[in-house]
Amino acid sequence: MAPQGRSRDRLFVATVAYLLAPNLIFLAGWLAPAWGLATTVLFLACCADLWRRATTRTRPLTPSEWAFAGPFALVATVVAGIGNLNLQVVDYVKHNLVFHDLAVYPWPVVYPNAGAGGALLCYYTAYYLPASLVGKAAGLAWTEPASLLWGLAGVALAFAWIVRLGRPAGRAVLAIFLFVDGFAWAPGLYAVARRVAGLAGGARGGWWDTGGFTENLARFGTPPARLLFESEPAHLLWVPQHTIAAWLVTACVLRTLDEGEPPRHLGLIAAAALLWSPFVAVGLAPFLVMAFLRDRRGALAWPSVLGGLALAVPVGLYFLGHSSYQNLGLLPTRFSGPVDWLRYLLFLVGSVGVLALAVALVRRRFGVPASREWWTFTAAAGWLVTTTLVVMGYQDDWVMRVSMPALMVFRLTVARLAVELWRRRGALGPRLAFAAVVLLSAERPIKTSLLAALGRLPTQVNDTTVATATRGAPTLGDLRGADGWAYGAQYLGPRTSWFARHVSRGGP
């Protein structure tokens, strides 16, 4: 029975169930029985506590709000290529191999003849496991339809959260949130100007093909570390395995920070995020600290601590068995002089600074956003800058993925503020100025969404499906990248790791 004035928070329960389901599959299918049984029992006890205590004063979404979020989610899911109903970007060569290998090989997946000479699949598999389980049980052909339904469910939950967190005008906030970005595209105007003038170094291809110039401007060292904060449509297009998790776990934390709900289960949720994306789990850090400081007792409740450990320990041991990480270091060590520092500052100003300044000016004049939201926004902006200091992985995956929770908070604040200013019906000049800044920031996501929907992105060149995934490589471990990069090696771990020998089902 919910306390007086509170009702069952069904959106929160459904979200946590969605995040936890792949973890339960992992515990049952990948761990030795001694580990799997103990962790599963504690895991289920936490779920029972969550069901009993997950109440809220926030009213549930109305049918009209669902009628907006649901179709919006369906369009976004299809345009992104999830389920292969639209052309997929080249990263689906990898995604389809992950689905294929999880559906075809016994769990835990071991490649006896992989390029590494025999290795364990060591990758954040949460997004892939439910659909692959369907493919394993019903046949490989069912994996793609299952992935469509699984991906759509996650996107619909995420969009429902944005509508809820954006009230009283949540539908408008959702529409704006997806297209808030930044001004990292602005240096590409130089390439356009050179093309118009007929000079060398102008934009190549269509009018939209200026991203190469902008990305090369923010590359440092050898191998190159690329600085890039992607737009929300680009996130879903390229990395749904990170994106859906980032949206959902960040929304659960904002339930505490924005709505004042107790953080009793945040440790469990953060641990559940590990199997989805360790990068996203790291990116939650500043917001989890804020939730802890606001309610230490709630944050240290047993479901948060023991439930979090029950998931984090086996999953953490799994990732500790990973092969050594490639292209790891600190960004400033890649700089060769003052010009590199200038390019770095230009990236920060375009990606974070312009919108942060606009929000600060609005708050100074109108007093919005309020203090609680302002400090969360400030933490997000500071964390975005901090993430750029570390380099890890091919094309610097660290910056692109650890930044995702902060990007959601940052962009959601901007979207809410844009709607709030318009609803206040105050002086027209400031409202138009802020709206213009937000609209100009949307250049990349609008372009990406339109071109992806039309199948015109140059990167929509994947020619595999889950059933034909081995066209890309015999296994995920054999996948090769450009310039001799051992692309598949970043998804493998040695069969001699402590996890493989003592924790996983079947041993080495």
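Which shape class, rounded, prolate or oblate, goes with segment 303-396 when its Cα gyration tensor gives a ≥ b ≥ c as root eigenvalues, a/c under 1.5 marks rounded, and past that a/b bigger than b/c marks prolate? Note, shape of segment 303-396 comes out oblate. When both segment 257-293 and segment 301-319 are represented by their alpha-carbon centers, they are found 13 Å apart. Please say if segment 219-364 is rounded, prolate or oblate, where rounded means a/c under 1.5 for a ≥ b ≥ c the square roots of the C-alpha gyration tensor eigenvalues, and otherwise the choice is prolate for a/b larger than b/c and oblate otherwise? Judged from the Cα gyration tensor, segment 219-364 comes out oblate (a/c at least 1.5, b/c at or above a/b). The residues packed around Ala54, meaning those with a beta-carbon under 13 Å from its beta-carbon, carry a net charge of +4 if Lys and Arg are +1 and Asp and Glu are -1. Under the convention that each Lys and Arg Cβ holds +1 and each Asp and Glu Cβ holds -1, the size of the dipole of segment 234-333 around its Cα centre is about 180 debye. Mean silhouette area of segment 64-162, derived from the convex hull of its C-alpha atoms and averaged over all directions, reads 7.2 nm². Looking at segment 111-179, none of the trypsin sites (Lys or Arg not before Pro) sits in a DSSP loop with at most 10 other Cβ atoms within 10 Å of its own Cβ.
What is segment 1-119 by shape, rounded, prolate or oblate, if you read a ≥ b ≥ c off the alpha carbon gyration tensor as root eigenvalues and call it rounded for a/c under 1.5, prolate for a/b larger than b/c, and oblate otherwise? Taking the square roots of the gyration eigenvalues as a ≥ b ≥ c, segment 1-119 is oblate. Among residues other than Arg416 with Cβ under 10 Å from its Cβ, the summed charge is -1 (Lys and Arg +1, Asp and Glu -1). Near Pro106: Cβ cut-off under 13 Å, other residues only, Lys/Arg at +1 and Asp/Glu at -1. The net charge is +1. Selection among Leu20, Ala433, Leu149 by position relative to the dipole of the chain gives Ala433 as farthest towards the positive end (Cβ unit charges, Cα centre). When only the Cβ of Lys, Arg, Asp and Glu is charged (+1, +1, -1, -1), the dipole of the chain relative to its Cα centre reaches about 1360 debye. Scanning residues 5 or more positions from Leu492 or on other chains, those with amide H under 5 Å from its amide H are Cys122, Ser323, with H placed 1.01 Å from N in the peptide plane. Here the simple spin-label model places points 7 Å from the Cα toward Cβ, and for Ala21 and Val289 these points are separated by 3.4 nm.
Membrane-span-like helices in the chain, defined purely by DSSP H runs whose alpha carbon atoms cover 27 Å or more axially and whose average Kyte-Doolittle hydropathy reaches 0.5, are 10-30, 33-53, 143-165, 404-424. Here the alpha carbons of the chain define both size measures, Rg and Dmax, at 22.6, 72 Å.
Estimated at 0.36 nm per residue, the fully extended path between Val313 and Arg364 surpasses their Cα-Cα distance by 13.8 nm.
Every number in this text was worked out from the coordinates using simple rules, so none of it is lab data. Since the model is a prediction, treat every value here as computed from it, not as a measurement. Using ideal geometry, Cβ is built from the backbone for each residue, glycine included, and neighbour counts are taken over all protein chains shown.
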